[in-house]
Every structure is written in structure tokens, then in C-alpha cells.
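First comes the structure, then the notes that go with it.
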Amino acid sequence: MRIVIYVRVSTQRQSQSQTIDQQIERLAEHIKNRNWALDSENIFIDDGYSGSKLNRPGLDRLRDKVRNHEMELILITAPDRLARKYIHQVLLIEELEKFGAKVEFLDRPMSQDPHDQLLLQIRGAVAEYERTLITDRMRQGRLMKMKAGTLLPWTILPFGYRTDPQHPRDPTKVRIEESEAAVISEIFAWYAEEKTTIREVCRRLQAHGIIAPKGDKRWSSSTINGILSNPVYIGIVYGERMRKVERKYRWSPLRVSRTEYSHKMLPPEQWIEIARIPAIISKQQYDLVQAKLAKNQQVSKRNNKSHEYLLRAMVSCGVCSLACTGRASKNGYSYYWCQSKHDCLYKGTEKRCQSRLIPVKQLDELVWRDLSEVIVHPESINNALARAHAGHWLPQQLQSRLATLRKGQASLKQQLERLTQAYLNEVILLEEFKRRRMDIEEKQLSLISQEQQLMAQAENQKEISHLASSITDFCQRIKSGLQLATFEQKRQLVELLIDRVVVTNEDVEIRYVVPTTKNSENILFCHLRSDYQNREIS
């Protein structure tokens with residue numbers, strides 16, 4: 001029997017207490033008692049991964065192996081090692097068993113008996129409740145300690161400070177690291193100077209060869225902004241300053257997000273003052289910097305809309321994958337510029353991007369002309385939709401293929417009946433009967449699979465036809481106003497129908513998106529930054 005075992009721990013503390021080894025030892029002993037064999041390559045481990053999520057490397061490799069029909073039995077110590085949420089347990093067990101792999105738990109072997117299934121459901125629900133309860137209690141405990149001033153909120157120590165390694169969260173053990181504090185003082189002093197920008201501060205730090213907090217040679221604008229806006233440098237430690245939220249944008253729409261979450265700053269009235277520590281800069285200097293940060297945010301380029309750019313915030317450089325911004329020159333010409341062409345700090349290299357300047361007028365006219373053509377002739381959208389879903393299926397072709405497959409199944413059924421009759425009449429031996437029956441059954445399974453696939457494609461075709469009708473109707477409703485559309489109306493239509501415009505020197509790639517329902521016509525796709533998470537857009 002082909003056997004695999006899966007073990008998991010969710011915290012570093014569990015890992016250090018040998019619970020991984022304990023699980024493997026128990027499972028190996030169980031296999032030994034049944035005289036089974038286990039290959040070392042069939043041990044799948046997730047060390048330090050939460051059971052509340054399905055995104056686990058060991059589990060992913062296990063599922064891939066099961067999909068290839070390489071396993072018959074999966075041994076796990078308990079259901080909560082597979083997943084903490086009951087719904088995840090059900091989904092995983094159904095998926096694994098669908099590919100012929102039985103799941104068995106040591107703590108409570110489960111069968112198809114209704115009582116066992118009910119117990120599995122109850123245990124899954126209890127495990128999910130227990131995890132939620134533990135998480136909430138830990139959060140409440142941390143919050144109480146912070147309010148009492150006995151627990152620092154830091155998971156990463158602020159640049160410029162050190163703590164006692166034995167008591168890293170104790171506010172009374174915080175001290176200033178003089179070499180880093182000197183850098184902090186320079187950062188605040190430089191930025192307080194008139195006409196000095198955050199990027200200029202980055203350049204000065206790199207020119208002096210100062211290493212960034214995480215050990216990088218290059219400083220980023222976000223790092224400097226985080227330092228300048230952090231009240232810890234005036235000696236006040238606040239908790240609950242930020243809240244983890246789902247990431248809604250990426251550094252570049254052409255690149256995949258590295259993290260699932262980002263942090264949102266909460267209003268100052270919601271902050272919790274925890275402790276007072278040694279200050280590096282004065283309150284007066286801090287307030288001056290905060291006023292400058294607020295002013296610069298109001299007049300920043302992303303908030304400056306004095307010029308009309310039809311493709312504002314929608315153009316990307318195909319050379320370096322960074323976003324392009326609109327700029328107007330003194331002689332009246334406007335261009336879309338790659339950010340790293342003007343400043344190589346955006347690119348994180350020594351060289352600036354070598355892409356060409358993109359004339360705003362020509363690109364806007366090109367994109368609007370192509371967009372109008374797509375709306376006036378929606379057949380191109382329907383053809384692309386059909387290609388994406390494996391092409392068109394004509395009704396007569398579908399019926400013909402289904403009839404052929406069913407004839408083949410009927411023929412195999414007759415062959416199996418004749419083979420059985422031949423064995424019963426002692427015309428062929430048992431071994432020959434088993435071999436021929438296995439061949440026929442494999443062919444039957446293949447024909448059944450083909451029929452299911454064909455039916456699924458037929459259902460897809462019905463969906464394609466419905467979507468094509470909806471898209472055609474949408475294009476008919478809006479094409480009449482294309483010629484007389486104002487700039488605001490053009491801009492709204494561009495935001496609705498275009499995901500990204502990628503310019504690589506002379507080549508222009510327009511990535512369209514089309515609403516498939518009337519409800520989606522009110523949602524601007526370019527604002528759905530969450531759709532960019534963890535995948536490339538194509």
C-alpha cells in the first residue's frame with residue numbers, strides 16, 4: 001500500500017518542544033504495527049504554519065502528489081493537524097478521497113458511519129472555536145499589558161534603539177543606540193530644511209554610505225517616511241497606531257504583491273500611550289517635520305490634477321515594469337515618464353530606466369481610438385472570449401461526439417459481458433479474465449472522463465454565449481455617445497474598460513476588461529486593486 005503521513009505545528013515554541021518528532025514517531029509506530037512500509041520522501045511537514053489557512057507548502061506538495069494518484073492512504077494524528085476550520089477539513093478530505101486517497105486519523109479513526117461523521121464535524125467545529133478563543137484571549141492579554149505600560153508593541157525594534165535581549169518587550173530596558181541616533185537626528189534635520197524632499201534625504205544617506213535599518217545599501221522613501229512620522233523619537237511609545245488590513249494595491253500593477261496585508265494608520269485619538277523612553281529629537285523639531293509632511297501630501301503629484309491626462313495612473317513602463325506619471329514641460333508638451341527614468345531610486349539600481357518619453361497626446365488618442373473601435377465592433381471581444389474558453393462548439397458537433405462516446409461505452413459493456421460469460425464457461429482462465437477485465441475497465445473510465453469533460457465544455461459554451469450577449473448589449477448602449485463624450489466621460493469609460501496600458505518603446509499593449517453584468521458596469525476596474533493580489537494580470 002502506498003502510504004503518506006502529514007504532520008504540522010503552528011508555532012516556533014511547538015517546534016522546539018519536538019511535537020513534530022512526536023507526531024512522526026506515533027505515525028511510524030502505527031505503520032510498523034500494521035507491517036506497512038513508509039518512504040522518507042512520503043513524509044510531509046509544515047513547521048510553523050497555522051492550521052487556519054490552506055496555504056501551506058507541505059500540504060500543497062501532498063495535494064499535488066495525491067492528484068497524480070500516487071497515494072492510497074494518508075495518516076494524520078488528529079483532524080486539527082490537517083486543518084483548524086471544519087469547512088477546510090471537509091474540503092480537504094473530499095478532495096483527497098476524490099483522487100483515491102483515504103484519510104485516517106490516529107486519535108479517532110473515522111469511517112463512513114453517520115456517528116463517526118457527526119463526531120468529526122463536532123471536533124472540527126470545537127477546534128475552530130478553540131483557536132478563535134485562544135486568539136482573542138491573547139489579543140486581550142496583550143492589550144491589557146500595553147495599557148498597563150508593561151509591554152512594548154514592537155515586533156521589530158525601531159531604528160536608533162536597543163533593548164535587553166532577555167527582556168525585549170520591557171519599556172524600562174529601552175536605551176539609545178548612539179550611532180543610529182545620530183543618523184535619525186540627521187534625517188530630521190535634513191528634511192526640515194527648505195525644499196528638501198524625502199528622496200533627497202535618501203540620496204544623501206546613500207552618498208554617505210549609511211546602511212538602511214534592514215541592512216540594505218539603499219534607503220527607500222517608505223522607510224524615511226516611517227521614521228519621520230514615528231512619535232517614538234520624541235520619547236513616547238504608542239500602541240494600536242496601525243491596523244492590519246487587506247492589501248489593495250501593489251508597488252507596480254505589473255508585479256505580484258509579496259504580502260497579503262498592509263497596515264493602515266489609525267486616528268491619533270485611538271492610540272494608546274504605553275511608556276516614556278529616552279528621546280532622540282525635540283518635540284519642536286518633530287512638530288515642524290509633521291507640518292511639512294502634511295503640506296507635501298496635499299500638493300503631491302498624485303493629488304495634483306491641474307493637467308488633463310486621460311490615462312492618469314494607468315500607464316506602465318514595459319522596460320522596468322514601474323508606473324509612469326504625467327509631466328508637463330515648460331514649452332507646453334506633456335509626457336508620461338517612467339518613475340525610474342527620472343530617479344533611479346525607484347528602480348533600486350545604479351542606472352536609470354532607458355525607456356523613451358511617451359507623448360501624452362499621441363498615446364491618449366491612440367488608446368481612445370482603439371477603445372472606440374472595440375466598442376463599435378464587439379465581435380473582437382466575443383472571439384477573444386471564445387478562444388479563452390477553448391473555442392466554439394457547434395450543437396451538431398457536440399451531439400456527434402457524445403453519440404460516439406456512448407457507442408464506445410456500450411461496446412465495452414458488451415465486451416465485458418462476453419468476457420464474463422467466457423470465464424464462467426471455463427473458456428479462459430482466471431488470470432486471463434482478470435487481465436482482460438482490467439483493460440476493459442480502464443477504457444471505460446477513459447470514455448467516462450471524456451464524456452464528463454465534453455459536457456463541462458458544453459456548459460462553458462452556454463456561459464460564453466450568455467456573456468457574449470451581455471457584452472454586445474453593453475457596447476450597443478454606449479457606442480452612440482462616443483463621438484460627443486466629454487473628457488470626464490472619456491476618463492470614466494477608460495477607468496471602466498481598461499486595466500493597464502503597457503508601453504515598451506514603440507510598442508503599446510492595451511489590457512482591456514469588460515463588464516459582464518449590469519451591476520459590474522458601476523465598478524471601475526482600475527480601483528479594484530485587490531484583484532492584483534498574488535497573481536499576474538494577463
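A few notes on this one:
- Any chance Ile5 is open to solvent by less than 70 Å² (accessible area, probe 1.4 Å) and at pLDDT 90 or above: yes
- Test result for Asp107, modelled with pLDDT under 85 and not in a helix (DSSP H, G or I): yes
- Of all residues in segment 442-467, those that are open to solvent by 80 Å² or more (accessible area, probe 1.4 Å) and either within 22 Å of Glu417 (Cα to Cα) or at pLDDT 80 or above (or both) total 3.
- Selection from segment 483-508 of residues that are among the β-branched types (Val, Ile, Thr) and in a loop (DSSP other than H, G, I, E, B): Thr486
- Matching entry among Leu133, Leu143, Leu118 (being open to solvent by less than 70 Å² (accessible area, probe 1.4 Å) and modelled with pLDDT under 80): Leu133
- Those helices (runs of 4 or more DSSP H) lying entirely in segment 167-269 with at least 1 residues open to solvent by 70 Å² or more (accessible area, probe 1.4 Å) and modelled with pLDDT under 90: 198-207, 221-228
- Within the set Lys361, Lys347, Lys341, Lys330, the sole residue that is surrounded by fewer than 16 Cβ atoms within 10 Å (Cβ to Cβ) and either within 14 Å of Ile510 (Cβ to Cβ) or modelled with pLDDT under 85 (or both) turns out to be Lys330.
- Number of the condition not met by Tyr309 [criteria: (1) at pLDDT 85 or above; (2) open to solvent by 40 Å² or more (accessible area, probe 1.4 Å)]: (2)
- Cβ separations smaller than 8 Å between residues 6+ apart or across chains give the following pairs from segment 33-49 residues that are open to solvent by 80 Å² or more (accessible area, probe 1.4 Å) to residues that are at pLDDT 85 or above and among the basic types (Lys, Arg): Tyr49/Arg8; Tyr49/Arg56.
- Condition broken by Leu412, with the remaining ones in (1) modelled with pLDDT of 85 or more; (2) assigned to a loop (DSSP other than H, G, I, E, B); (3) of a type outside the set (Phe, Trp, Tyr) satisfied: (2)
The values are calculated or read from the model by the stated rules, or taken from the named source; none is laboratory data. All figures in this text were calculated on a predicted structure; none of them were measured in a lab. Please note: Cβ atoms are built from the backbone with ideal geometry, for glycine as well, and neighbour counts cover all protein chains shown. In case anyone asks, the SASA skips ligands and DNA or RNA and just uses the protein heavy atoms, side chains included. Shrake-Rupley method; radii C 1.70, N 1.55, O 1.52, S 1.80 Å.
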